[in-house]
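A short write-up of the structure that comes next.
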């Protein structure tokens with residue numbers, strides 16, 4: 001089972017914050033990241049995030065494990081930004097992306113999934129009048145959160161199978177079996193939902 005984005009029980013000030021407050025702060029942080037323009041600003045933001053992880057008593061190893069699956073993507077993104085916009089813009093874009101991932105993961109590591117789903121359902125209840133089903137949206141949120149960890153675990157299994165067979169490191173040889181396994185997982189999940197009376 002993947003250890004990514006799984007709730008880590010601790011007695012910390014970050015854990016004790018209400019789930020709604022953490023989700024709202026995460027949204028505000030995502031908006032604030034758009035204002036970053038200089039590399040030093042990114043450094044300050046990442047330093048503040050490191051302080052938050054320390055306050056939450058989340059081990060550094062756990063924190064680094066969260067971004068490891070994104071390293072190749074961030075590297076490719078950084079190289080692209082260097083070519084089209086220069087190294088300073090690359091630092092801002094990659095740093096902002098890294099910061100948002102770490103913040104979102106911190107929320108997941110310090111907040112139970114049920115608490116986050118309850119907040120989403122509560123926020124959406126006023127929209128019931130216009131046809132929105134808050135409970136169904138909450139179910140989708142819970143499945144989405146869970147699916148991230150599942151897909152990352154499937155990617156690890158595919159990579160381990162490649163290494164065991166001595167296969168090439170071709171991106172296509174990695175992506176195709178990952179997509180196939182992901183679709184199979186989606187089919188099994190859909191069958192399980194239908195079996196439990198959840199409509200399409």
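The values are calculated or read from the model by the stated rules, or taken from the named source; none is laboratory data. Small disclaimer: the values here were computed from a predicted structure and weren't measured. Positions of Cβ are generated from backbone atoms using ideal geometry, with glycine treated the same way; all protein chains shown enter the neighbour counts.
What to note about this one:
- Helices (runs of 4 or more DSSP H) fully within the stretch 34-146 that include at least 3 residues being in contact with a strand residue (DSSP E or B) (Cβ under 9 Å, 6 or more places away or on another chain): none found.
- Looking across the stretch 168-200, the residues that are surrounded by 12 or more Cβ atoms within 10 Å (Cβ to Cβ), at pLDDT below 75 and either farther than 19 Å from residue 72 by Cα or in the same structural domain as residue 68 (by TED's automatic domain parsing) (or both) come down to 185, 186, 189, 190, 193.
- For the residues 41, 81, the requirement of being surrounded by 14 or more Cβ atoms within 10 Å (Cβ to Cβ) and out of contact with any helix residue (DSSP H, G or I) (no Cβ under 7 Å at 6 or more places or on another chain) singles out 41.
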